[in-house]
Structures are given as C-alpha cells and as structure tokens.
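FYI, it's all coordinate maths here, none of it is from the lab. Keep in mind the model is a prediction, meaning the values are calculated, not measured. Every residue, glycine among them, receives a Cβ derived from its backbone with ideal geometry; neighbour counts consider all protein chains shown.
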Amino acid sequence: MKNWEAMEAFVEVVRQGSLSAAAIKLSVSASHISRLITQLEAELGTTLLFRTTRRIRLSDAGELYYQHCRGLPEALSSAEEMISTLNQAPIGAFKMTCATTFGERYIAPLMNDFLLDHPKIDLDFHLTNRSVDLIEEGYDLAIRMGAMKDSSHLSRRLCDRVEYLCASRDYVDQHGMPHTLAELNKHRCLIGSKSHWLFQQDGQHKEVKVASQWRSNSGPALLDAVRKGLGIAQLPDYYVADDLATGKLIPLLTQYQYPYSGVWLVYPKVRQPSPKLQSICDYLIQRFKQDPPFAT
C-alpha cells in the first residue's frame, strides 16, 4: 500500500486531464501531485506520463497501468462504505443460546419478531439447559438465569426472576406445610437441575441442599410432578405464576423467599459489542420492560 496515494493521484490526473485539475479534486497542491507521480515512476522504473505545460499524454506503460488501477479508488471507497454499514446496522451471523423452556416461551418469539425487521441477520439459536462455553463454542450471546458469578463475561440484566417453593393443594392436605427451613428434610422434595434451593434468612443469601428420590433436568416435568402432588419443589415464576394466581399451587416458606435472582444477557468480555449484539440486547430489554411476559 506504499504507492496508494501516488496511484490515486495518477488515476485522477488521467481522469481530469491535468495535474492542476487533479490537485483541486484531491484537495492538494499541483506540486504535490507532481512529486507523487515522479516518485511512482521511479518506483516502477518507467515513464507513465509525458507532461508539457499545456497537456499530458500516457505512455504505453502508463496506459497499461491506468487500465489496471482505474477502478481501485472506487473499490476502496465501496469497501469502506460496506464496513461502515456493517458497523452501524445489524447484519451477518449471530449465535445465541438460552435455557430450553425460557427460550421457547419468551425469547424465540421475540427474536422472530426482531428478524422480521432485520432480515440480514443469520440467526443460530441453540436451546439447552447446559451451561455452554461462550468463547470455545463461538456464541455471541447467552441468556442465563440466577446470580451472575462468572466475571470473565459482560452482562446486562434482562428482567427479575423469583424462585417459589410450592406444592399442590393435595400434597399440603396430605403432608402439611414446612414452617422452617429445617423441616424441609421431613418432606418429599422434588429436584430439578440443581441440588440446592435458594432462600433468604435474616437478610442473608442462604442455599439449602436437599435430597430427593425424584430428579429431572426438565422444568416442565418437574412442574407436572408438583401439580400431581408428588412433592414440593422450587421453581421460577415463569413456570408457576399462573398456578399460584389460580390457587392450583400453594407458595411455601414465603418468609424465606429470596427476592430476585435475575435473568441476564451474557456475552464475552473479549469482544467489542457489535451493532447486532447491541441491537438485540437493547431490543430484548425494551420488550421485556414494555410487556413483561410473566408476573406474580
């Protein structure tokens, strides 16, 4: 690229027909244009232009060089314009992940709406309850639940999330309610993907490890078991909001309920947020703020 400025000057001289006209076009002096072309000819080891006080004429080498170079300034300008567009508008491949049920119910519909207005984004949306490695597996964005513990990533809060300990009315009628955290070991506890439950006691975060003969990594399966009276379980609001509102499920140990654990938009710290990442995060946060999909 060392001859780029000289090549651009040469092309403009040929187009404009004189050094002075090319100098005006490029906003430099005619003497600067002359020096550039002299340097270019020295680099190439040949004469490109025959110059007189009144006109210029291309040599054979100059004609050949011009034919090869004449489209390059426009090509560079076009490339710079495309990069500028890329840096401003959501475009290109985007890979994201989310927990299965939350993603199916709430994120997928919103992303489908987003794509209607941004058809140049190629979305790869992977739903899994496994905690993926964003960098190793090439994810641009992950939506994660609970307390943020990984400081190697950046995050933005999408919405609050409340965990409810609950049971069916039939279970409570048969087995009663626990009144303290210590009484949990006397009840049939149903376990999801975590072996501990989250509470707040005396203003402090408290995790209680529970044992169970029933375990599943499926939230809907866990909810079904609770509804059918197999035991008690801790589930997030987006699973149980409707059942709590209708009385189908009963909240337990509400005095120990942990206030908020949050849903987070998480992305690698090593990457400068791209326009598509920024746009998608802003969009999801705004949609959740405007129309919360679940509430208790």
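A few points about this structure:
- One decimal place: the segment ILE24-ARG169 gains 43.6 nm when fully extended, by the rule 0.36 nm per residue minus the C-alpha distance.
- Between helix 108-117 and the chain: long-axis angle, C-alpha atoms, 0 to 90°, nearest 10: 20
- Karplus-derived HN-Hα couplings along the stretch 180-190 (A = 6.51, B = -1.76, C = 1.60, θ = phi - 60°), whole Hz, x at Gly and Pro: 9, 5, 5, 7, 4, 6, 9, 10, 7, 9, 9
- Counting only alpha carbon atoms, the long axis of helix 237-246 and the longest principal axis of the chain meet at about 40°.
- Phi-based couplings in Hz for the stretch 24-39 (Karplus 6.51, -1.76, 1.60; Gly and Pro marked x): 4, 4, 9, 6, 10, 8, 5, 5, 5, 4, 4, 5, 4, 5, 4, 5
- Ranked by the mean number of other Cβ atoms within 10 Å of their residues, highest first, the peptides 5-12, 106-113, 121-128 fall in the order 5-12, 106-113, 121-128.
- Charge sum, other residues only, whose C-beta stays under 14 Å from VAL28's C-beta, Lys/Arg counted +1 and Asp/Glu -1: -1
- Angle between the chain longest axis and helix 60-69 axis [Cα atoms, degrees, rounded to 10]: 20
- Cα-centre dipole for the stretch 216-296 with unit charges at Cβ (Lys and Arg positive, Asp and Glu negative), debye to 20: 300
- Loop-located trypsin sites (Lys or Arg not before Pro) in the stretch 94-143 whose Cβ has at most 15 other Cβ within 10 Å (DSSP): LYS120, ARG130
- Positive dipole terminus of the chain, leading residue within PRO259, HIS126, SER18 (C-beta point charges): PRO259
- Put simply, the amide H of ARG188, placed in the peptide plane, has neighbours under 5 Å in ILE232, leaving out anything fewer than 5 places away on its chain.
- Which of HIS175, HIS68 has the fewest Cβ neighbours within 10 Å, and the rest in rising order: HIS68, HIS175
- Separation in nanometres of the label points that stand 7 Å from Cα toward Cβ, at SER131 and LYS248: 3.1
- Inter-probe distance in nm under a simple model that places probes 7 Å from Cα toward Cβ, at ARG105 and THR180: 3.4
- Of the GluC sites (Glu not before Pro) in the stretch 102-185, the ones in a loop by DSSP (not H, G, I, E or B) with at most 10 other beta carbons within 10 Å are GLU136.
- Relative contact order %, the chain, counting alpha carbon pairs below 8 Å whose residues are six or more apart: 20
- Within the stretch 215-295, the chymotrypsin sites (Phe, Trp or Tyr not before Pro) that combine a DSSP coil assignment with at most 15 other C-beta atoms in a 10 angstrom radius are TYR260.
- Listed by Cβ neighbour count within 10 Å, with the fewest neighbours leading, SER193, SER34, SER27 appear as SER27, SER193, SER34.
- Contour excess over end-to-end distance, with Cα ends at ASP117 and GLN200 and 0.36 nm allotted per residue: 25.6 nm
- Matching label, Cα Rg over 2.2 N^0.38 Å computed from the structure shown, candidates (1) 1.02; (2) 1.72; (3) 1.33: (2)
- Footprinting exposure proxy ranking of THR101, THR246, THR47, fewest other C-beta atoms within 10 angstrom first, gives THR246, THR47, THR101.
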